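Beneath this line is the structure, given in structure tokens, with notes to follow.
The values are calculated or read from the model by the stated rules, or taken from the named source; none is laboratory data. Everything numeric here is computed off the predicted structure, so don't read it as measured data. Quick reminder, even Gly has a Cβ in these numbers, built from the backbone with ideal geometry, and neighbours come from all protein chains shown. The accessibility values were calculated without ligands, DNA or RNA, using every heavy atom of the protein model including side chains. Shrake-Rupley method; radii C 1.70, N 1.55, O 1.52, S 1.80 Å.
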Amino acid sequence: MDRQTALLVLQLPEAPTPEEIHDAFEAHVFALRDFLFKQTVIPQVFRAKVDRLLTASEVGETLGAELPCNDGRLPEMLPLEGSADQVVRQHATNVGRLRTAMAATLDPNCLTRFGECLVRIQQQYIRWMAEWAEDQDFENVQNRPMRDEWSADAFAAALEDQRKGQGLNPETEARLAEELLRLKRLDSAAVPLPL
């Protein structure tokens, strides 16, 4: 990447000061990390943000800007196994661990690794849930936007109640079906995992 392109990515004038470069670079990476940290994990969208982090890394190298990486190690991930409610809880724990690790860095190289891992675990989770819900009838279920994720606690509790044979109220039953359909739609829109 040439200097002019790097400055364009950061929306800087032709001859910025080193402080302006550092501040713009930090703000750029912070905005990308903030998105990964706060938004519903939709793999296609997150993949684009991870690609932008790779570009940010090139920008930093080109302009000589560096940001700290206090700890670049990926946290240990729980395997997705057991009942559906256990899988939802395990996945929520994994996402929380990754986002906690992200909070300790602004280095785009570290954030790229965390973002890649976040996309991968989300794809695995979506695939697991879609296969689990394969036999469900979604004919009269309302479509929810892909970003409209049900809280992991409420989702897991509804799945656990269903597994234990406890009756769900109609509102919870409808919301459960909507969340499963949302995950199924995310799975059908997914880009295949690289080998």
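Can you send over the carbon and sulfur percentage of the accessible area for the chain, probe radius 1.4 Å, protein chains only? For the chain, the apolar C and S fraction of the accessible surface comes to 49 percent.
Work out the length of the dipole vector of region 1-100 about its Cα centre, built from +1 on the beta-carbon of each Lys and Arg and -1 on the beta-carbon of each Asp and Glu, and round it to the nearest 20 debye.
Working: 10 positive and 15 negative charges, 114 e Å.
Around 540 debye, computed over region 1-100.
For LYS49, a cut-off of 21 angstrom between C-alpha atoms picks up these lysines, skipping any fewer than 8 places away in its own chain: LYS38.
At a 10 angstrom cut-off on C-beta neighbours, averaged per residue, how do the peptides 29-36, 170-177, 104-111 rank from highest to lowest? Numbers along the way, then the final one.
Values: 29-36: 17.6, 170-177: 14.8, 104-111: 21.6.
Highest-to-lowest ranking by the protection proxy: 104-111, 29-36, 170-177.
Taking 15 Å as the straight-line reach from the Cα of LYS184, the aspartates and glutamates in range (excluding those fewer than 8 positions away in the same chain) are GLU131, GLU134, ASP135, ASP137, GLU139, ASP148, GLU149.
Compared with the alpha-carbon gap, the fully stretched path from ARG73 to ASP23 is longer by 15.4 nm at 0.36 nm per residue. If the segment from GLU173 to THR5 were pulled out straight at 0.36 nm per residue, it would be longer than the present Cα-Cα gap by 55.3 nm. Placing unit charges on each Cβ (+1 for Lys and Arg, -1 for Asp and Glu) gives the chain a dipole about its Cα centre, and among PRO68, ALA177, ALA84 the Cα reaching farthest toward its positive end belongs to ALA84.
Leaving ligands, DNA and RNA out of it, rank ARG120, ARG163, ARG144 by accessible area with a 1.4 Å probe, largest first.
Working: ARG120 95, ARG163 125, ARG144 60 Å².
Order by accessible area, largest first: ARG163, ARG120, ARG144.
Dipole check for the chain: with +1 at the C-beta of Lys and Arg, -1 at the C-beta of Asp and Glu, and the Cα centre as origin, the magnitude is about 220 Debye.
Calculate, for PHE138 and GLN86, the FRET efficiency according to 1/(1 + (r/R0)^6) with r their C-beta to C-beta distance and R0 30 Å; round to the nearest 0.05.
Working: r = 23 Å, r/R0 = 0.77.
Computed FRET efficiency for PHE138 and GLN86: 0.85.
Where Lys and Arg each count +1 and Asp and Glu each count -1, what net charge lies around PRO16 among other residues with Cβ under 12 Å from its Cβ? Around PRO16, the surrounding residues sum to -3.
Quick check: residue separation of THR62 and ARG163 times 0.36 nm, minus the Cα distance between them. What number comes out in nm? Mind showing how you got there, number by number?
On the way: separation 101, 0.36 × 101 = 36.36 nm, distance 5.47 nm.
Computed gain between THR62 and ARG163 is 30.9 nm.
Explain nothing, just the number: dipole magnitude of region 104-195 about its Cα centre with +1 on each Lys and Arg Cβ and -1 on each Asp and Glu Cβ, in debye rounded to the nearest 20. Spell out each step's value before the answer.
Values: 11 positive and 17 negative charges, 69 e Å.
In total the dipole reaches around 340 debye.
Toward the positive end of the charge dipole of region 1-156, with +1 on the Cβ of Lys and Arg and -1 on the Cβ of Asp and Glu, the farthest Cα among PRO145, GLN44, LEU118 is that of LEU118.
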